[in-house]
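Everything on this sheet refers to the single structure shown next.
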């Protein structure tokens, strides 16, 4: 209900020709959504920011114009700026251990198994190779490179046993 009231305040003025979202309103809604999505944001901060955004987007909904506002794209960071940008993003991962995005889910089976137990071997590899041969024959035409790669891998696995 809180979000509905905030959205009503931001989008309070419909136009005679129907609603057409102003880019500022969309940006404002995006900012409010980001604040609401962060559980650590205090309600007072959210309310204050909504009030600020409501004041700055006093036009609410605006009629479409024949010349939409040109938005300048930020240049893609390069060099030192890119490195700083990436480092700050990577540093953000450290907070996930303190403030996870969701509650941890217990794993039912945490046993690690060797990769060899997941691969075909011996007769199993031959059986799968025969299945693959049938699939290729049913499709007709030339086999895909993926099918050939799997077939060659299966032959190697069967021969290793």
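All of the numbers you see were taken from the coordinates with simple rules; none came from a lab. Predicted, not measured: the structure shown is a model, and the values here were computed from it. Methodologically, a virtual Cβ is constructed for each residue, glycine included, from the backbone with ideal geometry; neighbour enumeration extends over all protein chains shown.
For the range 116-151, which residues satisfy the criterion of being in a loop (DSSP other than H, G, I, E, B), free of Cβ contacts under 8 Å to residues at least 40 places away in the same chain and surrounded by 13 or more Cβ atoms within 10 Å (Cβ to Cβ)?
Pass one, the range 116-151, residues in a loop (DSSP other than H, G, I, E, B): 119-121, 140-144.
Next, from what is left, pick out any that are free of Cβ contacts under 8 Å to residues at least 40 places away in the same chain: 119-120, 140-144.
Result: 119, 120, 143.
Checking each residue in the range 79-115 for being outside any loop (DSSP other than H, G, I, E, B) and loosely packed, with under 10 Cβ neighbours inside 10 Å picks out 79, 80, 88, 89, 90, 91, 92, 93, 94, 96, 97, 115.
Looking at the range 99-111, is at least one residue closer than 30 Å to residue 156 by Cα and without any contact (Cβ under 8 Å) to a residue 60 or more places away in the chain?
Step one: filter the range 99-111 for residues closer than 30 Å to residue 156 by Cα, giving 111.
Next, from what is left, pick out any that are without any contact (Cβ under 8 Å) to a residue 60 or more places away in the chain: 111.
Yes.
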